[in-house]
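These notes concern the structure reproduced below.
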C-alpha cells in the first residue's frame, strides 16, 4: 500500500493529524485536503516541510 501518515509540526513538535492518507490536494494557499483510504477527509493549514515516501510520512509546518 502507498498510504502515508500526515503530521503537523509546531515549535519542533510533530503531531499526528491523519493516518492512512491516500491523497493530498492543495485547496488554497497553504491549505490541503487530506483524503483517507476509507473515504474520510480533513482540511489542514500548513506548508510542506518533508515528504518521505519510503517512511510513509508527510510533515507539514504549522502556519
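Descriptive notes on the structure:
- When only Cα pairs below 8 angstrom with a gap of at least 6 residues are kept, the range 1-44 shows a relative contact order of 27 percent.
- Answer label for mean projected area of the Cα convex hull in nm² (calculated), chosen among [x] 3.9; [y] 3.5; [z] 4.3: [x]
Taken together, the values in this text are just the output of simple stated rules run on the coordinates, not laboratory data. What you see is a predicted model; the values in this text were computed from it and never measured.
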